[in-house]
Amino acid sequence: MLQDLEVLILMLFVIAGAAVAANRLKIPPAIVLVITGLVLAVLPGLPAFDLAPDLILLLVLPPIIYSSAVAMSWCDFRFNLRPISLLAIGCVLFTATSVAAATHWMLGFSWQAGFVLGAIVSPPDAVAPLAIARRLDAPRRLIIILEGEGLANDATALVLYRFAVAAVSIGSFSFSHAVGTFACIVVGEVLWGLAVGWGMLRLRRWVRDPRIEIILSVLTPFVAYWPPNISAARACSRPSARVCTSVGTGFV
């Protein structure tokens, strides 16, 4: 435990140094961090550090997506909903299907395993492209579309990943059932996110205490994210469950 904490503190110092170097070199920080991670991965003698996936999914991911959602202009998001939806849902599904087909025909993977790999690599990281687009003074609409796509594509990939893992575990996959369940999940997560956002805003206005408002603001992304995922985890633990699903993050 102590060794893991020391490694984590060291990584934070490395991240801070990489961010400073990126600012001095006028390079997007995401690119410098990726290169730094690759260098650290091949350095001999570094201690092994196992990071629990639940730590990222349940503690790190919600506030990151929440901060992006708060900074997003929702008038512009609604105006560009069609291209954002095509990229965040259509492009992710197309990429995952293409990866599954390529690995199935070229590497001999099963369709289920191919979709697992496709779901992992399908959501693009919009941080570096956004940084480059802003430096190039790209059109505002292009930046908004990239921001909106980066905000929603992780939810699509997470749901698709759960479906793929469930298909691998049960050894079969029903496309029609998966499409219907996926549509229900998307609608459900949007409604849940809107309800949480509306409720938290009303609650923060009602308390009229800055300290409590800060606490509610910190809790908002976790309230939007945790209940659907806990419900999905309980459903997956049942022996009779045929499909394991997760509803990603709500749109708050």
Could you say which residue among T181, T220 is more than 20 Å from I64 (Cβ to Cβ), polar (S, T, N, Q), open to solvent by less than 70 Å² (accessible area, probe 1.4 Å) and touching a residue at least 60 places away in the same chain (Cβ under 8 Å)? T181
State whether the residues of segment 65-75 include one that is within 16 Å of A152 (Cα to Cα), assigned to a helix (DSSP H, G or I), modelled with pLDDT under 85 and β-branched (V, I, T). yes
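Matching residues to (1) open to solvent by 50 Å² or more (accessible area, probe 1.4 Å); (2) touching a Leu at 6+ places or on another chain (Cβ under 6 Å); (3) at pLDDT 75 or above:
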{"position": "A88", "(1), (2), (3)": "no, no, yes"}
{"position": "T97", "(1), (2), (3)": "yes, no, yes"}
{"position": "M106", "(1), (2), (3)": "yes, no, yes"}
{"position": "W111", "(1), (2), (3)": "yes, no, yes"}
{"position": "V121", "(1), (2), (3)": "yes, no, yes"}
{"position": "R135", "(1), (2), (3)": "yes, no, no"}
{"position": "A152", "(1), (2), (3)": "no, no, yes"}
{"position": "S169", "(1), (2), (3)": "yes, no, yes"}
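Quick one: would you say I35 is open to solvent by 80 Å² or more (accessible area, probe 1.4 Å), modelled with pLDDT of 85 or more and among the hydrophobic types (A, V, I, L, M, F, W, C)?
Taking the combined requirement at face value, the residue satisfies it.
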Residues that are of a type outside the set (G, A, S) and either closer than 20 Å to A164 by Cβ or surrounded by 16 or more Cβ atoms within 10 Å (Cβ to Cβ) (or both), drawn from segment 62-82: P62, I65, Y66, M72, D76, F77, N80
So which residues in segment 59-92 are hydroxyl-bearing (S, T, Y) and touching a Pro at 6+ places or on another chain (Cβ under 9 Å), if there are any at all? Y66, S67
One residue from A41, A88 being small (G, A, S) and either under 22 Å from T220 (Cβ atoms) or in contact (Cβ under 8 Å) with a residue 12 or more places away in the chain (or both): A88
What is the number of the single condition among (1) assigned to a helix (DSSP H, G or I); (2) in contact (Cβ under 8 Å) with a residue 12 or more places away in the chain; (3) closer than 27 Å to V190 by Cα that P123 does not meet? (1)
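The values are calculated or read from the model by the stated rules, or taken from the named source; none is laboratory data. All of these numbers come straight from a predicted model, not from anything done at the bench. Every residue, glycine as well, gets a Cβ built from its backbone with ideal geometry; the counts of neighbours run over all protein chains shown. These area figures cover heavy atoms from the full protein model, side chains too; ligands, DNA and RNA do not enter into them. Shrake-Rupley method; radii C 1.70, N 1.55, O 1.52, S 1.80 Å.
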